[in-house]
Amino acid sequence: MEPLLVASLLLSFFITLFFIPIWIRKTKDAGLVGKDMHKPDKKEVSEAGGVPVLFGFIFGVLIYVAIKTFYFKTTGNIIEIFSLLTSLLIISFVGLIDDILGWKIGLTKKMRIIFVIFAAVPLIVINAGHSQIDGMTLGIIYPLLIIPLGIVGASTTFNFLAGYNGLETSQGILILSALAFVTWHTGNSWLSVIALCMVASLIAFYLFNRTPSKVFPGDVLTYSIGALIAIIAILGDIEKIAVFFFIPYILETILKIRGKCKKESFAKINGDGSLEMPYDKIYGVEHLAIYLLKKIKKNKKVYEKEVVYLINAFQILIIILGLLFVL
């Protein structure tokens, strides 16, 4: 990639960094806040922080398109890029509705799935991706079935592994960075730039979202990150390795199903800020992390950031294994 393309990454970072403090003030004034469930005082924190992240990301991608058009004199992959942006805008709108109405009220599961399927339409109409998987030609089944399933599955399950300061953001940074490397390795560097634009925006957001969080990502961001992972996998023809990177979320989904999707990921909070298992059984990767940390640590005290670090370490291990055995 030409050094000039770094401008799009820097703009994504700095635009997000500039607008987040403004967003925090405005959402608090408007009452768009949520309780920090893993703090003893349950302090109120700004919600829907994914809005400035998406703004920075989209602006960075548009600058990339401008560089391609005016400097490199090429319009290659422009249709795919704008289809990607359109899909993300649709799905971020769905997430924003959930954030505004509240995560316990929000849209019904059926309505949410319908709207998310609609977000796949921009990719369907351009017949995105490759309809051959392991030598088997799927034909029209790929755009009409596989693409919607991929976007619905990735966007909704990415939202499962959440609820801890910095967790969703750091996971997005790790997975999208890995996909940026894979797409570069497979000759789709244009997708690498797009993935890294989001990574740059997420790094800026992480500065405010890490413990103690000043702003939550909200469904507007978690849905968008999950959808972007699926879209990059589809456009880059790297579905298998993307699914491999998603192993923690597959495990989370299995554990959530074990609890009939009624058990929450939140832990019990002690007066000193340490965490306890919320249930007798494990119903999430977060619960598993708490359980393991209590077994490992001598003082048996487990804190929120340690849970996030352990889950991130697991994700890094999965990424390393994926790069070693799948590529």
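Brief remarks follow.
- Residue in segment 232-241 that is farther than 25 Å from Leu101 by Cα, surrounded by fewer than 24 Cβ atoms within 10 Å (Cβ to Cβ) and β-branched (Val, Ile, Thr) present: yes
- Of the helices (runs of 4 or more DSSP H) lying entirely inside segment 240-327, those carrying at least 2 residues that are over 22 Å from Thr156 (Cα atoms) are 285-296, 304-325.
- For segment 301-324, taking the residues that are β-branched (Val, Ile, Thr) and surrounded by fewer than 16 Cβ atoms within 10 Å (Cβ to Cβ), the one that is nearest to the chain's Cα centre (by Cα) is identified as Ile316.
- With respect to (1) under 10 Å from the mean Cα position of the chain (by Cα); (2) more than 21 Å from Tyr64 (Cα to Cα); (3) crowded, with 24+ Cβ neighbours inside 10 Å, the lone exception for Thr157 is condition (3).
- Residues located in segment 32-54, provided they are open to solvent by 10 Å² or more (accessible area, probe 1.4 Å) and in a strand (DSSP E or B): Val33, Gly34, Lys35, Glu44
- Look at segment 26-40: where a residue is farther than 30 Å from Met277 by Cβ and a partner is open to solvent by less than 30 Å² (accessible area, probe 1.4 Å) and acidic (Asp, Glu), sitting 6+ places away or on another chain with Cβ atoms under 9 Å, you get Leu32/Asp99.
- Within segment 193-212, if we keep just the residues that are crowded, with 23+ Cβ neighbours inside 10 Å and of a type in the set (S, T, N, Q), the residue that is farthest from Ile63 (Cα to Cα) turns out to be Asn209.
- Leading residue by the ranking (farthest from Ser265 (Cα to Cα)) among those in segment 70-123 that are assigned to a helix (DSSP H, G or I) and small (Gly, Ala, Ser): Ser83
- Output for segment 132-154, where each listed residue is part of a loop (DSSP other than H, G, I, E, B) and either charged (D, E, K, R) or open to solvent by less than 40 Å² (accessible area, probe 1.4 Å) (or both): Asp134, Leu138, Gly139
- When residues of segment 251-296 are limited to those that are open to solvent by 50 Å² or more (accessible area, probe 1.4 Å) and basic (Lys, Arg), the one farthest from Lys35 (Cα to Cα): Lys295
- Cβ-Cβ distances below 9 Å connect the following pairs, each with a first residue in segment 296-312 that is on the phi > 0 side of the Ramachandran plot and modelled with pLDDT under 95, a second residue that is open to solvent by less than 70 Å² (accessible area, probe 1.4 Å) and not charged (D, E, K, R), and a separation of six or more residues or different chains: Lys300/Ser274; Lys300/Leu293.
- Residue match in segment 178-188 (condition: farther than 24 Å from Gly76 by Cα, surrounded by fewer than 22 Cβ atoms within 10 Å (Cβ to Cβ), hydrophobic (A, V, I, L, M, F, W, C) and modelled with pLDDT of 95 or more): no
- Residues satisfying the stated conditions in segment 308-322, i.e. touching a Phe, Trp or Tyr at 6+ places or on another chain (Cβ under 7 Å) and among the hydrophobic types (A, V, I, L, M, F, W, C): Val308, Ile318, Ile319
- Any hit, segment 201-208, residues being modelled with pLDDT of 95 or more and closer than 15 Å to Ile319 by Cβ: no
- Just one residue in the set Leu62, Leu101 is surrounded by fewer than 17 Cβ atoms within 10 Å (Cβ to Cβ), at pLDDT 95 or above and either in contact with a Pro (Cβ under 7 Å, 6 or more places away or on another chain) or under 30 Å from Ile113 (Cβ atoms) (or both); that residue is Leu62.
- Condition check for Glu80: of a type in the set (Asp, Glu), open to solvent by 30 Å² or more (accessible area, probe 1.4 Å) and at pLDDT below 95: no
The values are calculated or read from the model by the stated rules, or taken from the named source; none is laboratory data. Keep in mind it's a predicted model, so treat the numbers as computed, not measured. Glycine gets a Cβ as well: all are built from the backbone with ideal geometry, and neighbour counts include every protein chain shown. Ligands, DNA and RNA are excluded from the accessible area calculation, which covers all protein heavy atoms including side chains. Shrake-Rupley method; radii C 1.70, N 1.55, O 1.52, S 1.80 Å.
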